[in-house]
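Just so it is clear, none of the values below were taken in a lab; they were calculated from the coordinates. Keep in mind that what you see is a predicted model, and the values were worked out from it rather than measured. Heads up, the Cβs are rebuilt from the backbone with ideal geometry, glycines too, and the neighbour counts pull from every protein chain shown.
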Amino acid sequence: MNNRIQVDILEKLIHQTNRIVFSFDVEAGAITFLNKAFSYIWRRTPESVYSNPAIVLNSVHPEDQEFLVNEFHELLQGIIKNSLDFRIILPDRSVKWLQLFPELLVAGDGKRHIAGFLDDITLSQENSGTLEKYAAKKNSVLEILSHDLAGPLANIQALADVLAESTGRYGNAEVSKVIRIIRESSERSVRLIREFVQQEFLESSHAGLQRRRVNLVSKIENIIEQYKEGEDHIQKDIRFTYSGTSFYAFIDENKFMQVINNLFSNAIKFTPDNGVIEINLRDEKDTILVTVKDNGIGIPKHFHAELFDKFTMARREGLRGEPSTGLGMSIIKTIVEWHNGRIWFESKENVGTTFFIELPKD
């Protein structure tokens, strides 16, 4: 097969693919090639962009423009970019998600070009968002159920102990047997709830890390929204504060939001009714600081050094007998470190606890 035939085949493939194929002349600041898929996805003609390349950047969602410009400059410095997700606003004001695969190419004359592909990932992003929303709902429902079920069962267990002590002197074997059955049944049920919550958390944390650029504001709002649906049950004053309009971080959404959910549910477990739980996001220039604060019972001083250890003795049931995994804080620390972040806390008994998570922005 001669070179001309090969070129013809490649040209046909490029024009028939549903991926945008592009080329950008860095020195000239001009887009030099776009295939037919551009018009279908971007809903603009290639000719309009050839004459005015600024249309491309102006079409990018305002929250993603600075991100793309920074990535562009890093690419020119030789930093490899595997894939970049961002949004564009179409002429009808609808929003599409695109995934960019760029390459820096240097021609024989030294001129630099950026070429690559763009995929429309709007549907997968919407599906992912729906799945994450239901995952947040599942987690909050699971915590609320464990709160509502384990608490009364723990009370039944304690009352059975009181009854056993009060009736023991009568020597009634039948009564003692019934009380023992009540106690064992409630204890078994609390253990079952504990094991179920633990298994759910462990399974979701052990899957492989898949990081992408995520707006933490909207994701934390989803978690809080799910808990607030059960506010009559948890009876806490939940507050979420942040500066600006958005906080983007490269995270594995499922795992990192599991961390936030676990810290949030712990705050619920160890804060009395009508207590206050606060989540805050703060921009620290190169990092994002996430804090989860409560005015609950606090962590005893002698548990501070070992809180993040596996199988720590710091594991405690909640104020209403809610289960604790024991492995939870160890896994939380591991997940945060997977994200090149760090976690620490401040706590004082009968005053409250604040957890701090510091995450790099990129």
If R0 = 35 Å, then residue 79 and residue 301, at their Cβ-Cβ distance, give a FRET efficiency to the nearest 0.05 of 0.15
Which chymotrypsin sites (Phe, Trp or Tyr not before Pro) in region 24-128 pass both tests, a DSSP loop state and at most 13 other beta-carbon atoms within 10 Å?
none
Pulled fully out, how much extra length does the chain show between residue 32 and residue 17, if you take 0.36 nm times their separation in residues and subtract their Cα-Cα distance?
3.6 nm
Applying the gyration tensor rule to the Cα atoms of region 219-301 (axes a ≥ b ≥ c; rounded if a/c under 1.5, else prolate if a/b exceeds b/c, else oblate), the class is prolate
For region 3-120, the charge dipole (Cβ of Lys, Arg +1; Cβ of Asp, Glu -1; about the Cα centre) points to a positive end, and the Cα of 62, 23, 105 closest to that extreme belongs to 23
Low-density loop positions, GluC sites (Glu not before Pro), region 6-98 - DSSP coil, at most 14 other Cβ in 10 Å:
27
On a 23 Å Cα-Cα criterion, which of the cross-link pairs 219/293; 36/111; 236/285 come out too long?
36/111; 236/285
Please list 3J(HN,Hα) in residue order for region 172-188, calculated via the Karplus relation 6.51 cos²θ - 1.76 cosθ + 1.60 where θ = phi - 60°; whole Hz, with x for glycine and proline.
8, 4, 5, 5, 4, 5, 4, 5, 5, 5, 4, 5, 5, 5, 5, 5, 5
Calculate the spin-label point distance for residue 342 paired with residue 40, positioning each point 7 Å from the Cα along the beta-carbon direction, and give it in nanometres.
5.0 nm
Two pseudo-spin positions, 7 Å from Cα along C-beta at residue 126 and at residue 162, lie apart in nanometres by 5.6 nm
Taking H as built 1.01 Å from N, whose amide H comes closer than 5 Å to the amide H of residue 211, not counting residues under 5 places away?
none
Work out how far the C-alpha atoms of region 3-120 reach from end to end along every principal axis, then list the three figures in whole Å, largest first.
43, 32, 27
